[in-house]
Amino acid sequence: MTESSPDFSTTGAVRPRFTGKVEWAETFQPRPDVRHVLFDFDGTLSLIREGWPDVMIPMFMEMLPRHVKETDEQIRKLLFEDIMRLNGKQTIYQMIQFADRVCERGGQAREPLWYKHEYIKRLEVRIQDRVEGLQMGIIQRESLLVHGVIEILENLQERGMNLYLASGTDEAYVKREAALLGVESYFNSHIYGALDNYKNFSKKMIIERILQENDVTGGALLGFGDGYVEIQNTVEAGGFAVGVASDEANNGSGDFDEWKRKRLLGVGAHGIIPDFRDADPLLKVILGE
């Protein structure tokens, strides 16, 4: 993939001008048949939970048995790789992985669901000020939305696209936070999140449902996400996948989070963006307009 210049053309015609960074796969082909658009939530649309690894990793470090002479930095790296490899899947999978780590080190692991509930409790403390600030109108919604989100949702809605939201975060919290950010109306009843009975939900299952219920092939699907799972699932279904390599700690910077960028490229993203500042030209290129 290469970073495109303002006059980059995918269809033989000069495309609309981009103001920010964008990358396209060398095998890029426009998808004029797209009618259904799936979004991830945290890190793709919402920044309410920005910094969540700074809750999960310290919790795991407290509870993980140590090898002799193992340093904090070595433990932190191991746990970071574990949790980010599963980013985009339901939170419970990170807890299952952690429980396995405890057992392989000779420890007595708790049930993964216990770890999940403990993590959620700690994360709620971290984001409490954000949630309350939104509820009271002290914090502006735009500050906790990935840059340009409203513009792309409006654009897609005006085009008559069907929009879906699927998150590895528990469904009750996804619906709460989508409402706080004022984006729930774009998705109507199509907001999905993790369940304690985790086998009853996955992003792959949501994609399969979208295709089956609408009697369409993957060519009708466009997916946006900052985690490898939704990108991989979209690609495997034959859809067009856009990796959102959002720099969550510096919203609006226009820079890629390089760790995300490399990870998303590695699972076959057709395009990479740092945010949605170029919503209109982005969609025109994807749709071949």
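None of the figures in this text is laboratory data; all of them are computed from the coordinates on show. Please read these numbers as outputs of a predicted model, since none were measured by experiment. Backbone-built Cβ (ideal geometry, glycine too); neighbour counts: all protein chains shown.
The HN-Hα couplings worked out from phi for the stretch 52-57 by the Karplus form 6.51 cos²θ - 1.76 cosθ + 1.60 (θ = phi - 60°) are 4, x, 6, 9, 5, 5 Hz, whole numbers, x standing for Gly and Pro. Annotation for the stretch 43-117 versus the stretch 198-227: alpha-carbon center distance of 27 Å. Legend: distances between Cα atoms for Lys21/Lys284; Lys116/Lys260; Lys89/Lys262; Lys116/Lys203; Lys175/Lys203; Lys77/Lys204; pairs beyond 21 Å are Lys116/Lys260; Lys77/Lys204. Where a ≥ b ≥ c are the square roots of the eigenvalues of the C-alpha gyration tensor, would you call the stretch 151-254 rounded, which needs a/c under 1.5, or, failing that, prolate if a/b is larger than b/c, or oblate? Because its axes are fairly even, with a/c under 1.5, the stretch 151-254 counts as rounded.
The chymotrypsin sites (Phe, Trp or Tyr not before Pro) of the stretch 63-161 include none that meets both conditions, a loop assignment by DSSP and at most 14 other Cβ atoms within 10 Å of the site Cβ.
For the chain, DSSP calls about 20 percent of its internal beta bridges antiparallel. Loop-located GluC sites (Glu not before Pro) in the stretch 46-143 (DSSP state other than H, G, I, E, B) with a sparse environment of at most 16 neighbouring Cβ atoms within 10 Å: Glu70. With the convex hull drawn around the C-alpha atoms of the chain, the volume per residue stands at 132 Å³. Each Lys and Arg Cβ is given +1 and each Asp and Glu Cβ -1; about its Cα centre, the chain then shows a dipole of about 520 debye.
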